[in-house]
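Each remark here refers to the structure printed beneath this line.
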Amino acid sequence: MSCIAVVGSINQDIVIRVPRIPRPGETVHHGRLARYAGGKGANQAVAAARAGATVSMLAAVGTDPDGDDLLRGLIAEGVDTTHVARVDSAATGTALIAVDDAGANSIAVAEGANFEIDPADITSAIAGIQPDAVIGQREVPDDVTNAAFGAAPPGLRVLNVSPVDEGVAIDFALVDIAVVNEIEAAQLTADSNADDPAALARALATRTHRGCVVTLGGQGLVAHVDGQTHVQPAFPTTVVDTTGAGDAFCGVFAAALAAGRPVETALRWGQAAGALAAATPGAQPSMPRRHDIRRLADSGT
Ligand code: RIB
């Protein structure tokens, strides 16, 4: 079984399901409230663990009850939380999420403890774990992710470059494969090829060691990895809530590659995982199990 270190965020997601997402200044009534475990890092850790990998989470939460709950949840998933710091200086990360009837979302995040991670702790954790793969995102400071990727032994470093803002300080020379959606890809390439995902994937691949995957939601994906372009359609799905679907893709894609699967297979399993996650409410609870991923991926659809 491959060993994966996920450096990233742990959030409490507070979700209101509304008929439509409010515009600025607007109030939308008749919502339904739910709380789910979330955070891109923790979601990807659970996705990889449910897919069969041995996973360590490198992160920080507050000393509050949300931190207790979220850690209990990760432990119940078999994720090693030895390297999750408890900090007094900030509350556990929180995301306020509006999900509309079509399953689309709008998210506001208070990073809290996620921005209190000490890069030195991450470097020593990676040195101790010696993972086969490291996964990162952008809900913790980029210097934390750079420290993790810089300390990683030879293997696989997958960066989900999400969210993208003006302050991207990722050292792409330390990244093997970048995963982005189409909007993030266009932001990172200054819109130069905004309507051509294959060109976006090729352009971003030049910044990394092995390549780039551009996910296209219901349109599938385009990837350029190890000099080869892959185009895959999406699996048909009934979209209930897209929150965490990208995280399901990243966790399962990285777990499959770390286990030695070919890129084509890892992309297909990742896509199947994303489709299954989009059909289920919430972030972490929607991460699919290995047998469901395999059944959909092998279904020939
Ligand atoms: O990718 C989905 C995640 O983004 C949610 O779980 C939320 O916590 C936000 O960070």
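Test of understanding: among Ala283, Ala258, Ala279, which residue is over 12 Å from the mean Cα position of the chain (by Cα) and buried (at least 24 other Cβ atoms within 10 Å of the Cβ)?
Sole residue among the options that is over 12 Å from the mean Cα position of the chain (by Cα) and buried (at least 24 other Cβ atoms within 10 Å of the Cβ): Ala258.
Based on what the data block shows, is Ile122 hydrophobic (A, V, I, L, M, F, W, C), in a loop (DSSP other than H, G, I, E, B) and either closer than 17 Å to Gln284 by Cα or in contact (Cβ under 8 Å) with a residue 60 or more places away in the chain (or both)?
no
Among the residues of the stretch 83-102, which ones are more than 12 Å from Asp66 (Cβ to Cβ) and either away from the ligand (no atom under 11 Å from the Cβ) or crowded, with 19+ Cβ neighbours inside 10 Å (or both)?
Passing the criteria: His83, Val84, Ala85, Val87, Asp88, Ser89, Ile97, Ala98, Val99, Asp100, Asp101, Ala102.
Would you please list the contacts, defined by Cβ atoms under 6 Å and residues six or more apart or on different chains, that run from a residue in the stretch 66-94 that is touching a residue at least 12 places away in the same chain (Cβ under 8 Å) and over 10 Å from Ala42 (Cβ atoms) to a residue that is part of a loop (DSSP other than H, G, I, E, B) and of a type in the set (S, T, N, Q)?
Close Cβ pairs (under 6 Å, with a partner that is part of a loop (DSSP other than H, G, I, E, B) and of a type in the set (S, T, N, Q)) amount to Asp66/Thr92; Gly67/Thr92; Arg86/Thr63; Asp88/Thr63.
Does the stretch 234-243 contain at least one residue that is away from the ligand (no atom under 16 Å from the Cβ) and surrounded by 23 or more Cβ atoms within 10 Å (Cβ to Cβ)?
No, because not a single residue in the stretch 234-243 is away from the ligand (no atom under 16 Å from the Cβ) and surrounded by 23 or more Cβ atoms within 10 Å (Cβ to Cβ).
Return yes or no: is Ala59 part of a strand (DSSP E or B) and modelled with pLDDT of 95 or more?
Yes; evaluated as a whole, the condition is true for this residue.
Collect the residues in the stretch 1-45 that are away from the ligand (no atom under 14 Å from the Cβ), assigned to a strand (DSSP E or B) and closer than 23 Å to Gly246 by Cα, keeping them in residue-number order.
Cys3, Ile4, Ala5, Val7, Arg17, Leu33
Which is of a type in the set (A, V, I, L, M, F, W, C) and assigned to a loop (DSSP other than H, G, I, E, B), of Phe253, Phe235, Phe249?
Phe235
Based on what the data block shows, is Phe172 of a type in the set (Phe, Trp, Tyr), away from the ligand (no atom under 16 Å from the Cβ), buried (at least 22 other Cβ atoms within 10 Å of the Cβ) and in contact (Cβ under 8 Å) with a residue 12 or more places away in the chain?
When the stated conditions are applied, Phe172 does not pass them.
Restrict the check to the stretch 34-53 and report whether at least one residue is farther than 25 Å from Ala133 by Cβ and crowded, with 24+ Cβ neighbours inside 10 Å.
Looking through the stretch 34-53, none of the residues is farther than 25 Å from Ala133 by Cβ and crowded, with 24+ Cβ neighbours inside 10 Å.
Of these, Val231, Val214, Val180, Val164, which one is touching a residue at least 24 places away in the same chain (Cβ under 8 Å), within 16 Å of the ligand (Cβ to nearest atom) and either more than 19 Å from Gln44 (Cβ to Cβ) or buried (at least 24 other Cβ atoms within 10 Å of the Cβ) (or both)?
Answer to the check: Val180.
Find the residue count for the stretch 58-76, including only residues that are away from the ligand (no atom under 14 Å from the Cβ), surrounded by 20 or more Cβ atoms within 10 Å (Cβ to Cβ) and within 24 Å of Ala254 (Cα to Cα).
Looking only at that region, the number is 3.
The values are calculated or read from the model by the stated rules, or taken from the named source; none is laboratory data. This is a predicted model, so every value here is computed, not measured. Backbone-built Cβ (ideal geometry, glycine too); neighbour counts: all protein chains shown.
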